[in-house]
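Quick notes on the structure that follows.
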Amino acid sequence: MTIVGGGIAGLACAWRASRAGLSVTLLERDELGRGASHVAAGMLAPVAEAEFGEAGRRLLELGMRSAALWPAFARELEQASGTGVDLLPTGTLVVARDDDEARELERQLAFRHSLGLPAERLRASAAREREPALAPTVRLAMEAPGDHCVDPRLVLAALRGACERAGVAIREHSPVAALELDGAGARVNGVRLAGGERIDAALVVLAAGAWSAQVEGLPAHARIAVRPVKGQILRLRDPSGPGLLRRVLRFQGGYLVPRGDGRYVLGATVEERGFELAPTAGAVYELLRDASELLPGIDELQIEELSVGLRPGTPDNTPAIGPGAVEGLVWATGHHRNGILLAPLTAELVVEALAGVPA
Ligand SMILES: Cc1cc2nc3c(=O)[nH]c(=O)nc-3n(C[C@H](O)[C@H](O)[C@H](O)COP(=O)(O)OP(=O)(O)OC[C@H]3O[C@@H](n4cnc5c(N)ncnc54)[C@H](O)[C@@H]3O)c2cc1C
């Protein structure tokens with residue numbers, strides 16, 4: 001079988017499929033793990049991310065299932081690769097800065113409680129007891145104790161190692177131009193690389209992130225519309241070491257993720273700008289302004305990196321995981337803001353789907 005795309009989705013599927021006994025070739029356009037997965041913050045936060053509406057419900061259900069898989073997934077991955085992935089049980093603190101935000105947070109708390117989700121209402125004083133560096137301007141907080149985080153760059157390195165050890169044939173600098181179908185257009189036969197080379201495959205997993213819709217060859221009814229959603233994100237370091245913040249801190253417009261060693265990730269913008277990747281002064285200004293208002297100590301941190309990534313978004317922003325309209329083709333894309341969280345479940349569902357396809 002062939003997997004198109006070497007981000008967290010493609011790599012996780014490759015590792016799990018290969019462990020399930022399939023012979024796997026992974027085709028990556030550039031280098032493995034340099035797309036959205038490389039810039040992601042690594043929050044595993046289904047409760048904090050929970051949204052109203054039908055699509056929100058579906059995403060929540062997938063997110064809760066995947067969050068439950070993460071501890072065993074991380075352990076097995078660490079064993080298989082010999083690389084740690086820093087899964088940290090941080091919990092998440094969502095804070096409101098003014099009366100309007102506090103009213104909205106009350107609504108969000110009620111919504112989570114109505115679904116039986118673990119979310120605790122905290123008065124400002126209680127929030128500041130838990131995170132003493134918080135500014136006195138905090139009005140109200142919600143703690144989601146089960147929403148943790150992981151370091152996506154370590155996960156990518158570990159997945160690469162685990163894939164190599166499991167015998168996955170990894171081909172970097174191999175852009176796939178098109179899927180090859182049978183004469184009736186009903187079944188996938190393989191893929192064609194941009195250079196013209198054809199690779200036969202009865203099973204193809206499409207995991208090309210924000211570029212998934214650019215792979216040609218599918219009839220109109222079998223395509224899935226995936227668009228890029230730009231995110232700008234900063235990596236910071238506290239020269240005096242860890243301790244400024246222990247939990248993931250979320251606020252309207254952003255979040256700050258502690259890595260546990262004095263490094264922090266401050267993100268992120270959500271912008272509809274096509275495939276544009278330019279970092280902008282306004283985004284950096286707003287992220288730092290909002291975070292500094294809540295956590296003044298952030299002003300002393302050093303800036304290590306500003307990066308930009310493209311989240312793969314479907315029309316309703318829920319992922320496309322599983323078999324599509326063409327036999328032999330399995331989707332693993334459209335993970336939008338939750339591709340790190342959803343990696344273990346994506347791999348599990350894709351391997352299940354592959355087992356169900358007559359090869
Ligand atoms: C700023 C930011 C912060 C985020 N924070 C979080 C977070 O905290 N938690 C969370 O769960 N998610 C987060 N996300 C979302 C997460 O990063 C994505 O959902 C996830 O990385 C998508 O993984 P992927 O493998 O589908 O895509 P990618 O990582 O983009 O990988 C796709 C790969 O496919 C390759 N490719 C594309 N076209 C082709 C082709 N034709 N042939 C071969 N290869 C091809 C690309 O080169 C790339 O390597 C964040 C995203 C951004 C941008």
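The values are calculated or read from the model by the stated rules, or taken from the named source; none is laboratory data. None of the values given here were measured: they were computed from a predicted structure. Positions of Cβ are generated from backbone atoms using ideal geometry, with glycine treated the same way; all protein chains shown enter the neighbour counts. Please note that ligands, DNA and RNA were not included when accessible areas were found on the heavy atoms of the full protein model with its side chains. Shrake-Rupley method; radii C 1.70, N 1.55, O 1.52, S 1.80 Å.
Counting only heavy atoms of the protein chains and using a 1.4 Å probe, TRP211 has close to 60 Å² of accessible surface. Between 0 and 90 degrees, rounded to the nearest ten: what's the tilt of helix 99-114 against the longest Cα principal axis of the chain? On a 0 to 90 degree scale, this one is about 50. The alpha carbon centroids of region 203-237 and region 301-359 are separated by 9 Å. Counting charges near GLU129 (Lys, Arg +1; Asp, Glu -1) among other residues having Cβ under 15 Å from its Cβ returns a value of +3.
Helical runs assigned H by DSSP (4 residues or longer) give the chain a calculated mean residue ellipticity at 222 nm of -10000 deg cm²/dmol, each run adding -39500 (n - 2.57) before division by the residue total.
Of the residues GLY274, GLY42, GLY63, the one that moves most in a GNM of the chain with alpha-carbon contacts below 10 Å is GLY274.
Compared with the dominant principal axis of the Cα atoms in the chain, helix 281-294 is inclined by about 50°.
Based on the Cβ-Cβ distance from ASP98 to GLU76, what FRET efficiency comes out when R0 is 56 Å, to the nearest 0.05?
Working: r = 44 Å, r/R0 = 0.79.
Given R0 = 56 Å and the Cβ-Cβ separation, E is 0.80.
Computed from backbone phi, the HN-Hα couplings of region 204-218 come to 10, 9, 9, 9, 9, x, 5, 9, 4, 7, 7, 6, 8, x, 8 Hz, rounded to whole numbers (Karplus: 6.51 cos²θ - 1.76 cosθ + 1.60, θ = phi - 60°; Gly and Pro given as x). For the chain, the longest principal axis of the alpha carbon atoms and the long axis of helix 54-81 meet at an angle near 80°.
As a length-normalised measure over Cα pairs under 8 Å and 6 or more apart, the relative contact order of the chain settles at 24 percent.
Over the Cα atoms of the chain, the radius of gyration divided by the Kirkwood radius equals 0.99; this is the Rg/Rh ratio. Charge tally for ALA20 (other residues, Cβ to Cβ under 11 Å; Lys, Arg +1; Asp, Glu -1): 0.
Taking all protein chains together, HIS148, HIS113 sort by accessible area into HIS113, HIS148, largest first [probe 1.4 Å]. Across VAL176, VAL265, the residue with the most accessible area heads the list, and the full order at a 1.4 Å probe is VAL176, VAL265. Summing charges over neighbours of PHE275, with a neighbour being any other residue whose Cβ is under 10 Å away from its Cβ, gives +2 when K and R count +1 and D and E count -1.
Ligands, DNA and RNA left out, the accessible area of the chain computed with a 1.4 Å probe is 50% carbon and sulfur. The distance linking region 79-113 with region 43-64 is 12 Å (Cα centroid to Cα centroid, whole angstrom).
With every protein chain kept in place and ligands, DNA and RNA left out, what is the accessible area per residue of the chain? Probe 1.4 Å, answer in Å².
That works out to 41 Å² per residue.
Among the trypsin sites (Lys or Arg not before Pro) in region 253-287, those located in a DSSP loop and surrounded by at most 16 other Cβ atoms within 10 Å of their own Cβ are ARG273.
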